[in-house]
């Protein structure tokens, strides 16, 4: 069975690549970021979660952990989670949840991207509201053809992007150390490459191994 987490800085391609993995291996996918943004849209303008999401801050561990636990309780077989854990505390919580449902992670994929590349991608990034794919165009989705595309609020401000980047940098070394000790050992992918090259790197490394597990 597969239990995959995909971690990486903002603009590293977590969403795009986790969607492709989920589709290729027919496994359940959770995007914690998408789930939080959906909650923020439904919340009142004065709510804490809406303020946090719009200015690029991390949501509370309580909100995030609840989303992840609910997902895992419903999807105990093969799954991929992108954008979680983002801190050592969240990593420890994930270990606790998995232990409760008698399940383990099989892979930790780390998408390593430079700050320069991340900022360039994020300031140009638009998201399709129909299929969820991200791309550097604002007119029409290059995946499904929908014209229902928009830029995320936390991508519109250089200050918000900078804030998110610094938050990630403050935690990534702790996450790498944690999974290097407790496993699964992080597999690093060069996410500065273009999307297709990053996907090819993932495909080459995991294709034979993952297909043998399923």
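Data table
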quantity: Test for residue 108: is it surrounded by fewer than 18 Cβ atoms within 10 Å (Cβ to Cβ), assigned to a strand (DSSP E or B), modelled with pLDDT of 90 or more and in contact with a strand residue (DSSP E or B) (Cβ under 6 Å, 6 or more places away or on another chain); calculated: no
quantity: Exclusive hit being at negative phi and modelled with pLDDT of 85 or more, set 81, 49; calculated: 81
quantity: So residue 97, is it closer than 20 Å to residue 5 by Cβ and assigned to a strand (DSSP E or B); calculated: no
quantity: Filtered residues of the range 111-128 (kept if assigned to a loop (DSSP other than H, G, I, E, B) and at pLDDT below 85); calculated: 125
quantity: Odd one out for residue 131, checked against (1) under 27 Å from residue 206 (Cβ atoms); (2) modelled with pLDDT under 90; (3) crowded, with 18+ Cβ neighbours inside 10 Å; calculated: (3)
quantity: Of all residues in the range 146-186 being at pLDDT below 75 and out of contact with any strand residue (DSSP E or B) (no Cβ under 9 Å at 6 or more places or on another chain), the one that is surrounded by the fewest Cβ atoms within 10 Å (Cβ to Cβ); calculated: 158
quantity: Within the range 187-202, considering residues that are part of a helix (DSSP H, G or I) and in contact with a helix residue (DSSP H, G or I) (Cβ under 8 Å, 6 or more places away or on another chain), the one modelled with the lowest pLDDT; calculated: 195
quantity: The range 134-143, residues that are at pLDDT 70 or above, under 19 Å from residue 14 (Cα atoms) and assigned to a loop (DSSP other than H, G, I, E, B); calculated: 141, 143
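Yes/no matrix, rows are residues, columns are (1) within 17 Å of the chain's Cα centre (by Cα); (2) buried (at least 20 other Cβ atoms within 10 Å of the Cβ); (3) modelled with pLDDT under 90; (4) in a helix (DSSP H, G or I):
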{"residue": "12", "(1), (2), (3), (4)": "yes, yes, no, no"}
{"residue": "18", "(1), (2), (3), (4)": "yes, yes, no, yes"}
{"residue": "34", "(1), (2), (3), (4)": "yes, no, yes, yes"}
{"residue": "39", "(1), (2), (3), (4)": "yes, no, yes, yes"}
{"residue": "45", "(1), (2), (3), (4)": "no, no, yes, no"}
{"residue": "58", "(1), (2), (3), (4)": "yes, no, yes, no"}
{"residue": "71", "(1), (2), (3), (4)": "yes, no, no, yes"}
{"residue": "76", "(1), (2), (3), (4)": "no, no, yes, no"}
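The values are calculated or read from the model by the stated rules, or taken from the named source; none is laboratory data. All figures in this text were calculated on a predicted structure; none of them were measured in a lab. A quick note on method: Cβ atoms are made from the backbone with ideal geometry, for glycine too, and the neighbour counts reach across all protein chains shown.
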